[in-house]
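The values are calculated or read from the model by the stated rules, or taken from the named source; none is laboratory data. Keep in mind it's a predicted model, so treat the numbers as computed, not measured. Because the Cβ atoms are built from the backbone with ideal geometry, glycine has one as well, and the counts that use them run over all protein chains shown. When the accessible area is computed, the model is the full protein with side chains, heavy atoms only, and any ligands, DNA or RNA have been set aside. Shrake-Rupley method; radii C 1.70, N 1.55, O 1.52, S 1.80 Å.
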Amino acid sequence: MIKPKLIQQFVVEPGSAVNLKQYVTDWTETEEAQELGKDVIKERAHEVLEESRKQLDATQELLYASDTHSVLLIFQAMDAAGKDGTIRHVMSGVNPQGCQVFSFKKPSAEELDHNFLWRYMKSLPERGRIGIFNRSYYEDVLVVKVHPEWLGPGQPANPDDKFWEQRYEDINNFEKHLSRNGTLVLKFFLHVSKGEQKRRFLERLNNPEKHWKFSEADLAEREHWKDYQKAFEAALSATSTKRAPWYVIPADRKYVARALVADIVTTAIQDLGLEFPEVTPAKMAVLEAARARLESNSNHAET
Ligand code: ATP
Ligand code: MG
């Protein structure tokens, strides 16, 4: 497990004004990391991922058995920051029946005709399950803040600050509602540098096996890098709460991002202090009777 003190530096303190430049994108470049050495960090990161993956499977089973909570994990990032890979690696050990991933793309006409939270509400995890949003209702204060013309019919052409503040407020109230109803909400911003994004785009262009991943639209959005960073800063500042905290995860090194997310998710679910349901005396009697019946059957031929 990673020390809580180390994790603390990635949490957005509720009410604080986020300046993304103050959050590292490559944690291996920090002083504390250099003391350890890059090779040690890489090895340790793989160990943490492995350890967390195993624990997460057992923890999810407990989540299902106790049937009191659900978990919602939200992933937001610039393109090529590694959302898909992180989700795949962190969740790879979990029983597929215990988790659901939803990827949100451009909304349909039907979705745009509803309130902006509608399409997400329909995909929330039920009790006992881990739900993952690969992009989420945060797109509705991010991409559309950069491109207000994509807001859809019936929305202002030039939304003012109040418009966005009301959306942040709606999101905070929504997450409060979720939390009060037993959903643990954790939000991850995979923080990648502009230079690393360029490297990853070039890799997609240079490697034939990665050509399918390249989208011209991603390059167009890269031109709006500063506007996106500003939109992220405003959204993270307004919506990081005790109940539903934001983590700014350094994402230039995939192994660092994956280990951090895996550790944070596992620890947070374990901190819920869930327990297997207590077996009632009546149920115990049924179990005992079943055992006696099976054991007496074992005297007969088992064909
Ligand atoms: P990948 O590229 O790794 O497959 P992705 O999440 O980038 O995954 P894409 O299909 O490339 O998937 O992009 C989805 C697009 O949909 C993004 O550009 C995103 O900003 C956009 N989008 C998501 N939600 C909304 C929304 N509410 N309003 C407008 N655009 C949205
Ligand atoms: Mg994309």
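Bridgeable aspartates and glutamates around residue 254 (alpha carbons under 16 Å apart, same-chain partners fewer than 8 residues away excluded): 26, 29, 39, 43, 47, 50, 79, 84, 196, 203, 263.
For segment 4-297, give the share of DSSP beta bridges that are antiparallel, in percent and rounded to the nearest 5; count only bridges with both residues there. In segment 4-297, DSSP labels about 5 percent of beta bridges as antiparallel.
Packing, as the average of other Cβ atoms within 10 Å across residues, places the peptides 291-297, 264-270 in the order 264-270, 291-297, highest first.
For segment 21-147, carbon and sulfur atoms together expose 48% of the accessible surface, with a 1.4 angstrom probe and every protein chain in place. Computed about the Cα centre, the dipole magnitude for segment 4-297 is approximately 320 debye when only Lys and Arg (+1) and Asp and Glu (-1) carry charge, each at its Cβ. When peptides 44-54, 228-238 are sorted by average Cβ neighbour count within 10 Å, with the highest value leading, the order is 228-238, 44-54. Residues whose amide H falls under 5 Å from that of residue 93, counting only those 5 or more places apart or on a different chain, are absent, with hydrogens built in the peptide plane.
Note on residue 79: accessible area is roughly 30 Å² with a 1.4 Å probe, heavy atoms of protein only.
Each distinct pair of alpha carbons in the chain adds a 1/r term; the inverse of their mean, the Kirkwood radius, is 21.3 Å.
With a 1.4 Å probe and all protein chains left in place, how much accessible area per residue does segment 4-297 have, in Å²?
Numbers: 15830 Å² over 294 residues.
Ligands and nucleic acids excluded, the figure is 54 Å² per residue.
Sorting 101, 248 on solvent-accessible area from highest to lowest, probe radius 1.4 Å, gives 101, 248. Quick one: Debye curve from the alpha-carbon atoms of segment 75-184 only, equal weights, vacuum; give me log10 I(q)/I(0) at q = 0.11, 0.12, 0.16 Å⁻¹ to two decimals. One equal scatterer on each Cα of segment 75-184 leads to -0.41, -0.48, -0.84. Report the local net charge at residue 255: Lys and Arg +1, Asp and Glu -1, summed over other residues whose C-beta lies under 10 Å from its C-beta. With Lys, Arg at +1 and Asp, Glu at -1, the net is +4. The value obtained for segment 19-84, namely the Cα convex hull volume divided by the number of residues, is 148 Å³ per residue. Quick check: the angle from helix 38-66's long axis to the longest principal axis of the chain, C-alpha only, nearest 10 degrees? Helix 38-66 sits at roughly 50 degrees to that axis.
The alpha carbon gyration tensor of segment 160-303 gives principal lengths a ≥ b ≥ c with a/c of 1.5 or higher and a/b no greater than b/c, which makes the shape oblate. Can you tell me how segment 1-111 classifies by the Cα gyration tensor, rounded, prolate or oblate, using a/c under 1.5 as the rounded cut? In terms of gyration-tensor shape, oblate.
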